[in-house]
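Worksheet: the structure to be examined is printed underneath.
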Amino acid sequence: MCGIGAEIAASIADAQLFSLKAPIKRVTGYDITPPLGKLERYYLPDSSRISKSIEEVMSY
């Protein structure tokens with residue numbers, strides 16, 4: 001939320017919404033306060049979340 005990726009996705013959606021073949025999907029950390037060291041691996045996107053999102057967009 002409020003990162004550079006969100007701004008890029010919003011700019012693409014605003015300019016090219018009707019040209020896209022699938023909706024924009026963002027894979028980010030959860031919308032919470034980032035945890036400290038030991039719990040960071042549960043917060044950040046991992047390969048399974050990324051793969052799931054890719055499959056969702058590709059099957060659109």
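Are there any pairs, at least 6 apart or on different chains, whose C-beta atoms fall under 8 Å, with the first in region 39-59 and surrounded by 10 or more Cβ atoms within 10 Å (Cβ to Cβ) and the second among the polar types (S, T, N, Q), and if so, which?
Partner pairs satisfying both residue conditions: Pro45/Thr28.
Which residues, taken from region 1-38, are outside any helix (DSSP H, G or I), surrounded by 10 or more Cβ atoms within 10 Å (Cβ to Cβ) and of a type in the set (S, T, N, Q)?
Thr28
Since every read-out is calculated from the coordinates, none of them should be taken as a lab result. As the structure is a prediction and not an experimental result, all values here were calculated from the model. A quick note on method: Cβ atoms are made from the backbone with ideal geometry, for glycine too, and the neighbour counts reach across all protein chains shown.
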